[in-house]
Amino acid sequence: MGQIIGNLNGMPYEFKFGREPGNVTDYVPALPDGAFTDDDTDIEWVYVYNMQKNNNLLLSPGTLSEIWKQSFNQRIWCSNGYVRRLLDIGIDPPLTGKISLNPWAEFNISGQFICETFGLICPAMPQSAARLGLNYTKVTIDAEPAQTTQLFTAMIATAFIENDINMILDAGYAALDPSSKVKTIIDDIKKWHMENPDDWRTTRKLLQEKYTQANGTVRDGNGYELITGATIASFLYGQGDFSKTIQTGINFGWDCDNTTATLGTIIGTIMGYKKMMSHGWKIVDRYRNTSRDAMPTDETITSFADRVFELMEKMVRQNGGKRILRDDKYYFLIPKEESGIVERLPELKGQISELAEVFGPEIELEIKNSSSKEALCRAVYMGICLDLDTEMKGKYPEQWDEAKAAFEDCWKLKQLIFQDAEFPSMLRLREQFLQAGISESKKEIDKIIIWQEQRIFFPPEQVMDLKIEDY
């Protein structure tokens, strides 16, 4: 409930506050019309549903591919949207989250907003929470964003047994690689908070000045630096109060419904359901499916929570714990884990050459022998991304040209390469494809207009009805 309240109460302010903070002063948590699916909660909902269905906490890459193709066909953006197009040409997880193949993966906040439920599945088990979360978030991200998965899953897992927000933050901090930039961000936030304990605006200004990457464009609003900083700062300034914490997260701005969903999960875990309901907030127990294919249409917040609870018990038992009866009440006896690093930062400098060595023979085989259009498109995409264009062109000039001709029809992926938001890793990728002779094709790309800042896609039948002010 905390996660869903934070997400949907923060959503009206998403990207409203960028260069300047917000000034929301009268926030009261509420879901008077119930809840509905949004990517800050429903990607985890789909995972949880399929974890139950398969009776498996760690779904395999093949299963994850099928789930994405089946359920994620609308209302996904940034790295998630890019992953869906990679799946179209047969590139499966965890390759979909590799920085060398997915330009969003090095900074996107999917490592945060797709991780919280996995912390809830692992009470008092921060390392299990991080390990479980990474199995799912690394579908879309890598490197520093994966460190944020470890940070927030560890904090949520710890919040079941610790009420002190500083101790909870320490648990998350302990889950980070010592060389992680996320650690530096937290150090800065703690320092600025200590120097300005009653002035979150000054801390926000300092965060913005130091960690803005791209002059406030989508790279900033959707990047882990500002969003992680905003989340940790709001957590400290909120002082453990749910309403104050969410309100501060909203006012920090940028992609704030991500921030408030994470904050709502942590503080909601500290409070517990009964205490949350004791405040008299207007909550309707409904979770309407408005976006995910092949998923229930009659879900409630309670039934979503029941799914999480069932998986939690499975995790407890899997780790050697059990359910016990004491004084006519059921409890869980859980082998407590200390927070620690599950995955260190990868060495990214050699990732392209390493992947080229592993997948080069497969790419070459597909170019030589494949009659499958999907395989040819995959070979071209991976070959260009892994700097194999010159080699393939030299060895198999005719087959390589034929494969590139097949790739010309991958207009949805080409649309993202040539028309998506501009940031360094995307521009590098774009240049690689231009040098390889793959060019933007207006014929298909013009079918969809992209409103970059808001990440809203208008289908062609709606475009004719838009007035200029709608832009």
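Looking at this structure, is ASN7 in contact with a Gly (Cβ under 8 Å, 6 or more places away or on another chain), among the polar types (S, T, N, Q), outside the structural domain of ASP420 (by TED's automatic domain parsing) and not in a loop (DSSP other than H, G, I, E, B)? So ASN7 fits the description; yes.
Restricting attention to the stretch 62-112, the residues being of a type in the set (Ser, Thr, Tyr) and under 14 Å from the mean Cα position of the chain (by Cα) number 4. Within the option set LEU64, LEU87, being in contact with a Phe, Trp or Tyr (Cβ under 6 Å, 6 or more places away or on another chain), of a type outside the set (D, E, K, R) and surrounded by 15 or more Cβ atoms within 10 Å (Cβ to Cβ) holds for one residue only, LEU87.
Listed conditions (1) assigned to a helix (DSSP H, G or I); (2) within 24 Å of ASN7 (Cα to Cα) are all met by GLN127, apart from (2). For the stretch 289-336, a residue qualifies if it is in contact with a strand residue (DSSP E or B) (Cβ under 7 Å, 6 or more places away or on another chain) and not in a helix (DSSP H, G or I), and the qualifying residues are THR290, GLU299, THR300, GLY321, LYS322, ARG323, ILE324, TYR330, TYR331, PHE332, LEU333. Specify which of the listed residues (GLY111, GLY90, GLY119) is in a loop (DSSP other than H, G, I, E, B) and either basic (Lys, Arg) or out of contact with any strand residue (DSSP E or B) (no Cβ under 6 Å at 6 or more places or on another chain) (or both). After applying the criteria, what remains is GLY90. For first residues located in the stretch 237-266 and touching a residue at least 40 places away in the same chain (Cβ under 8 Å) and of a type in the set (Gly, Ala, Ser), partners that are surrounded by fewer than 24 Cβ atoms within 10 Å (Cβ to Cβ) and assigned to a loop (DSSP other than H, G, I, E, B) and lie 6+ apart or on another chain with Cβ distances below 7 Å form the pairs SER243/TYR27; SER243/VAL28; SER243/PRO29; GLY253/LYS16; GLY253/PHE17; GLY253/GLY18; GLY253/PRO21; GLY253/GLY22.
The set of residues from the stretch 79-92 being out of contact with any Gly (no Cβ under 9 Å at 6 or more places or on another chain) and under 12 Å from SER65 (Cα atoms) comprises ARG84, ARG85, LEU86, LEU87, ASP88, ILE89, GLY90, ILE91.
Please work out if GLY280 is over 19 Å from LYS190 (Cβ atoms), free of Cβ contacts under 8 Å to residues at least 24 places away in the same chain and either in contact with an Asp or Glu (Cβ under 9 Å, 6 or more places away or on another chain) or assigned by TED's automatic domain parsing to the domain that holds TRP200 (or both). Write out each step before concluding.
Numbers: over 19 Å from LYS190 (Cβ atoms): yes; free of Cβ contacts under 8 Å to residues at least 24 places away in the same chain: yes; either in contact with an Asp or Glu (Cβ under 9 Å, 6 or more places away or on another chain) or assigned by TED's automatic domain parsing to the domain that holds TRP200 (or both): yes.
So GLY280 fits the description; yes.
Residues of the stretch 262-274 include none that is among the charged types (D, E, K, R), under 30 Å from THR37 (Cβ atoms) and surrounded by 15 or more Cβ atoms within 10 Å (Cβ to Cβ).
Only one residue in VAL28, VAL24, VAL48 is closer than 15 Å to ASN135 by Cα and either part of a helix (DSSP H, G or I) or in contact (Cβ under 8 Å) with a residue 60 or more places away in the chain (or both), so which one is that?
VAL48
Taken as a whole, the structure leaves SER371 outside the set of residues that are surrounded by fewer than 16 Cβ atoms within 10 Å (Cβ to Cβ), within 31 Å of the chain's Cα centre (by Cα) and small (Gly, Ala, Ser). Among the residues of the stretch 367-410, write down those that are touching a Leu at 6+ places or on another chain (Cβ under 8 Å), without any contact (Cβ under 8 Å) to a residue 40 or more places away in the chain and assigned to a loop (DSSP other than H, G, I, E, B). Listed by number, the list holds a single entry, SER370.
Yes/no per residue for (1) within 26 Å of LEU427 (Cβ to Cβ); (2) in a helix (DSSP H, G or I):
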position: GLU66; (1), (2): no, yes
position: GLN70; (1), (2): no, yes
position: GLN74; (1), (2): no, no
position: VAL83; (1), (2): yes, yes
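The values are calculated or read from the model by the stated rules, or taken from the named source; none is laboratory data. Please read these numbers as outputs of a predicted model, since none were measured by experiment. All Cβ positions, glycine included, derive from the backbone under ideal geometry; neighbour counts span all protein chains shown.
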